[in-house]
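A quick write-up on the structure given underneath.
Quick note: the coordinates plus some simple rules give every number you see, no bench work behind them. These figures come from a predicted structure and were not determined experimentally. Note that each Cβ is placed from the backbone with ideal geometry, even for glycine, and that neighbours are counted across all protein chains shown.
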Amino acid sequence: MFARGETVVQLMERLAPKHYAEPEDKIGLQVGSLRKEIRKALIALDVTPEVVQEAAAAGAELIIAHHAVIYRPLAHLQTDTPAGALAADLLRKDIAVYVAHTNLDTAEGGMNDWMAEALGLEGRGVLREVHTDKLYKLVVFVPKEHAEAVRSAMFAAGAGWIGNYSHCSFNLEGTGTFMPREGTDPYIGKQGKLENALEVRIETIVPQSAHKAVVSAMLKAHPYEEVAYDLYAMDLKGRSFGLGRVGVLPEAESLDVFAERVKAAFDVPFVRVVGEGGKPIRKVAVLGGSGSRFIRNAMFAGADVLVTGDIDYHTAHDALVAGLSLVDPGHNAEKIMKTKVAEWLQLRLREQGYATEVLASQINTEPFRLR
């Protein structure tokens, strides 16, 4: 059985929820339709004509990309322009394009965590906080003999976390009353008769990012035809998510040695370096994509170096004067997401029993070359 496009995207949004995206970021479905079976999905950094040909040759009906295929506003869709021709080719080949950009950057276990892991950083934290997961209190009333099954289903879906403590809940036994009316199919009791049932009131914490999955799991595990439950917004701060990561190397090393580490980690032929080659590097900030506007965040975090792409001339001078070293592996270093997303999504599809295959694009979309 192959997953439909909507299902593939729902699983992808478990990794990179859409509400993590920066305002005005161009994410989500950009071309085509998800209302079809997906035999193969291709994970790509960029959507170029070569990537579209690769997807078509592989038989992929869906491309999941990091960078938007439609980013700047289009005044028209003329097929004799590069943007129009690309869109027309996708539509002609019936290949949909779904984009996960800053929501994938921000996500726990997403782009910036992958980059920090590749560099061997330990004790990682967020470079710039951009989102805090709201917390909700979920209260549900369950027949006593089903309480454990419902609790387990909610915990497995992401409920019950308080800090580093998992499986947190409060449980209170009591008597529930109800009268099944005409047209009902009650699990307990008979139509037209007032019923008293021994129930457990289960209370647990649910983060915004998981509340749909938790409620769905709870309803599926609950034996009642009509489930009595409440979901309350709480005035408490949950986990913080953000762009970039800060961590430390196991041991200090010189800036020049660290630059070689960056080249190897992101499989790039060269890096641009700002700072003295012998400077000791221990605390590292890393940010995928264009990170010039994160210089102050890296300095405030006490980083010895910031690893990011697209550093401009004047920003490099500002960092040099401030004593912050820079290593720029280019924007294309984000290609690390291709295999990571493919592996993550393939595993989730297999867990759901789907035969859909997820491929990592082999096309190098780096636009620059050295002479």
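Before moving on, here are some points about what is shown:
- The lysines whose alpha-carbon is closer than 17 Å to the alpha-carbon of K36, local same-chain residues fewer than 8 away aside, are K93.
- The distance linking the range 63-103 with the range 129-145 is 38 Å (Cα centroid to Cα centroid, whole angstrom).
- Charge tally around G32: other residues with Cβ under 11 Å, Lys/Arg +1 each, Asp/Glu -1 each, net +2.
- Helix-derived mean residue ellipticity, 222 nm - over the chain, DSSP H n ≥ 4, -39500 (n - 2.57), to 500: -8500 deg cm²/dmol
- Each Lys and Arg contributes +1 and each Asp and Glu -1, all at the Cβ; summed about the Cα centre of the range 132-240, the dipole is approximately 320 debye.
- Taking D267, D304 and counting other C-beta atoms within 10 Å, the order from fewest to most: D267, D304
- Couplings 3J(HN,Hα) of the range 92-98, computed from phi: 4, 8, 6, 10, 7, 10, 10 Hz, in residue order, whole Hz [Karplus 6.51 cos²θ - 1.76 cosθ + 1.60, θ = phi - 60°; x for Gly and Pro].
- Among 97-105, 109-117, 268-276, sorting by the average number of other beta carbon atoms lying within 10 angstrom of each residue, highest first, gives 97-105, 109-117, 268-276.
- Hypothetical label at I70: residues of the range 20-47 whose amide nitrogen lies under 13 Å (7 Å Cα-Cβ projection): 26-33
- Contour minus Cα-Cα distance for E343 and E182 (0.36 nm per residue): 53.0 nm
- Using a simple spin-label model with pseudo-atoms 7 Å out from Cα toward Cβ, K212 and A149 lie 2.6 nm apart.
- Where the alpha-carbon atoms of the chain are placed on the principal axes, they occupy 85, 50, 35 Å, in descending order.
- With the charge dipole of the chain set up from +1 on Lys and Arg Cβ and -1 on Asp and Glu Cβ about the Cα centre, the Cα lying farthest toward the positive end among the listed residues N332, H66, T204 is that of T204.
- Number of Lys-Lys pairs in the range 132-240 with C-alpha atoms under 26 Å apart and a separation of 8 or more places or on different chains: 14.
- Backbone amide hydrogens, once placed in the peptide plane, bring K36 within less than 5 Å of G5, E6, excluding anything fewer than 5 places away on its chain.
- GNM result for the chain, Cα springs below 10 Å: residue of T308, T184, T356 fluctuating most strongly: T184
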